[in-house]
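Asker: Here it is: the structure, laid out below.
The values are calculated or read from the model by the stated rules, or taken from the named source; none is laboratory data. Please read these numbers as outputs of a predicted model, since none were measured by experiment. Using ideal geometry, Cβ is built from the backbone for each residue, glycine included, and neighbour counts are taken over all protein chains shown.
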Amino acid sequence: MACSLAQVTQLTCPSCSVDFVTELWIIIDTDERGDLYAALADDSIHDVLCPHCGHVGRVDAPLLVCHTVLPTADRLNRAGPIYTKPVRRLFFFPPLNQAGVSDEAIAVSLLNVLRDRLGEEWKAFARTKLVSVPRPLLALAIADDPEAGLARIRGKVAVQLAQLKWEKTKGQQNTSNRITH
Ligand SMILES: [Zn+2]
């Protein structure tokens, strides 16, 4: 069974206030869905077009990405952990404002969905390390050298996390399924 999954979601357009239903990707295996890589790389994967008025906005949704990290010798920047063969990694991108639900709880629920979809194949995947990455760093995480990139901007990540925590405490209820401008 394919492990990539899009979830049918009802949204309310912030521009024309009309409700509509769309599909949001919440689990993507980049080996399986290479066609979605470009939308991941420019982080437009959760941009949604309102079918009524044409407004385009971003939905604040969680995302689990299965991605194969290249062997060290094939990477442009060879800093970071040394891999002699391609390594499958799981990256979790928490939503920016998920009022009342912890990032960990969301990650666990997505992992449970993935496990159910993979069945026996999960055994191979179960040893894969889950890396939680702030959403603004999505493109970096799935680049051909994520570890070195993440190590370089470690300080920047800490700042981003602090900002996200601050935004969370300010976050309002019931906004998670609305498109933001
Ligand atoms: Zn609209």
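Asker: Taking the conditions exactly as written (surrounded by 13 or more Cβ atoms within 10 Å (Cβ to Cβ), within 16 Å of the ligand (Cβ to nearest atom) and modelled with pLDDT of 95 or more), does Val18 satisfy them or not? Please lay out each step first, then the result.
Answerer: Details: surrounded by 13 or more Cβ atoms within 10 Å (Cβ to Cβ): yes; within 16 Å of the ligand (Cβ to nearest atom): yes; modelled with pLDDT of 95 or more: yes.
It is true that Val18 is surrounded by 13 or more Cβ atoms within 10 Å (Cβ to Cβ), within 16 Å of the ligand (Cβ to nearest atom) and modelled with pLDDT of 95 or more.
Asker: Can you find a residue in the range 74-81 that is at pLDDT 90 or above, assigned to a loop (DSSP other than H, G, I, E, B), more than 16 Å from the ligand (Cβ to nearest atom) and crowded, with 18+ Cβ neighbours inside 10 Å?
Answerer: So far as the range 74-81 goes, no, none of its residues is at pLDDT 90 or above, assigned to a loop (DSSP other than H, G, I, E, B), more than 16 Å from the ligand (Cβ to nearest atom) and crowded, with 18+ Cβ neighbours inside 10 Å.
Asker: Oh, and also: Can you tell me how many residues in the range 98-147 are in a loop (DSSP other than H, G, I, E, B), among the hydrophobic types (A, V, I, L, M, F, W, C) and closer than 14 Å to Val65 by Cα? Explain how you work it out, then say what you get.
Answerer: Kept after step one, since they are in a loop (DSSP other than H, G, I, E, B), are these residues of the range 98-147: 98-102, 126-129, 133-134, 142-145.
In the following step, the residues that additionally are among the hydrophobic types (A, V, I, L, M, F, W, C) were identified as 99, 101, 126, 133, 142-143.
Those left that are additionally closer than 14 Å to Val65 by Cα: 133, 142-143.
Total satisfying the criteria: 3.
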